[in-house]
1. If I ask for residues that are in contact (Cβ under 8 Å) with a residue 24 or more places away in the chain, in a loop (DSSP other than H, G, I, E, B) and within 12 Å of the chain's Cα centre (by Cα), which ones from region 91-122 would you list?
2. Looking only at region 9-41, how many residues end up being in contact with a Ser or Thr (Cβ under 9 Å, 6 or more places away or on another chain) and over 19 Å from Ala55 (Cβ atoms)?
3. Please work out which one of (1) assigned by TED's automatic domain parsing to the domain that holds Cys141; (2) assigned to a strand (DSSP E or B); (3) within 15 Å of the chain's Cα centre (by Cα) is the condition Val88 fails and give its number.
4. For region 1-41, give me each residue that is under 25 Å from Met106 (Cα atoms), assigned to a loop (DSSP other than H, G, I, E, B) and not acidic (Asp, Glu).
5. In the list Ala144, Ala122, Ala94, which residue meets the criterion of being surrounded by 12 or more Cβ atoms within 10 Å (Cβ to Cβ), small (Gly, Ala, Ser), assigned by TED's automatic domain parsing to the domain that holds Asp78 and out of contact with any Gly (no Cβ under 8 Å at 6 or more places or on another chain)?
6. Which of (1) under 20 Å from the mean Cα position of the chain (by Cα); (2) over 30 Å from Asp132 (Cβ atoms) is the odd one out, the single condition Trp10 does not satisfy?
7. How many of the residues making up region 42-81 are part of a helix (DSSP H, G or I), touching a residue at least 40 places away in the same chain (Cβ under 8 Å), within 17 Å of Val97 (Cβ to Cβ) and out of contact with any Ser or Thr (no Cβ under 7 Å at 6 or more places or on another chain)?
8. Would you check if Ser53 is more than 11 Å from the chain's Cα centre (by Cα), among the polar types (S, T, N, Q), under 29 Å from Val9 (Cβ atoms) and surrounded by 16 or more Cβ atoms within 10 Å (Cβ to Cβ)?
Amino acid sequence: MSLHRAQVVWKLETSEKAFASGHYERAHTLIFAEGRRRVPGSASPSVVPPPFSLADALDPEAAFTGALSACHMLWLLDLARRDGFVVVAYDDEAEGVLGPDGQGRMCMTRVTLRPRIRWGGARHPTAEEVEDLHFRAHEQCFIANSVKTAIVVDSRPTD
């Protein structure tokens, strides 16, 4: 077992009256790596319109989507290495969907991973071997194993 920490810091910059009426800023800071990595955060502008959100900050839904994509990639790289394949580039244009669940609550209902992998080395995997790598990566992914969101891997053509 290992412990992973994140700190979220937010401060009211407007008046308490503005807060009570819902007219307050959602910008905040996410702090990782024992304070060494600071990331600007905000509610998504699709959820909270500007000026109360920041379009260029990381929103929780994008962070969730990115965490799933990164975890899948890290497992695939390790599994490919173990199987004797060399990955020289990996690019995933992942997409997460925020929508209502079966009870009408808003949640991340689906994340689609669209990885493009460039293979090096003398031996490249077959389409079936790539599919198997994605299957095993999904099965091993800590983040995917932690959520109920549908996760789809739409593997892109590879070199």
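1. Within region 91-122, the first condition is being in contact (Cβ under 8 Å) with a residue 24 or more places away in the chain, and the residues that meet it are 91-92, 94-96, 98, 107-121.
With in a loop (DSSP other than H, G, I, E, B) added as a condition, the list becomes 94, 114, 121.
If the condition is that a residue be in contact (Cβ under 8 Å) with a residue 24 or more places away in the chain, in a loop (DSSP other than H, G, I, E, B) and within 12 Å of the chain's Cα centre (by Cα), then Ala94 is the only one that fits.
2. Residues flagged as in contact with a Ser or Thr (Cβ under 9 Å, 6 or more places away or on another chain) and over 19 Å from Ala55 (Cβ atoms) within region 9-41 amount to 1.
3. (3)
4. Result: Ala6, Trp10, Ser21, Gly22, His23, Tyr24, Arg26, Ala27.
5. Details: Ala122 fails: surrounded by 12 or more Cβ atoms within 10 Å (Cβ to Cβ); Ala94 fails: out of contact with any Gly (no Cβ under 8 Å at 6 or more places or on another chain).
Sole residue among the options that is surrounded by 12 or more Cβ atoms within 10 Å (Cβ to Cβ), small (Gly, Ala, Ser), assigned by TED's automatic domain parsing to the domain that holds Asp78 and out of contact with any Gly (no Cβ under 8 Å at 6 or more places or on another chain): Ala144.
6. Trp10 satisfies every listed condition except (1).
7. Total satisfying the criteria: 6.
8. Taking the combined requirement at face value, the residue satisfies it.
The values are calculated or read from the model by the stated rules, or taken from the named source; none is laboratory data. What you see is a predicted model, and the numbers here were worked out from it, not measured in a lab. Cβ: placed from backbone, ideal geometry, glycine included. Neighbour counts: every protein chain shown.
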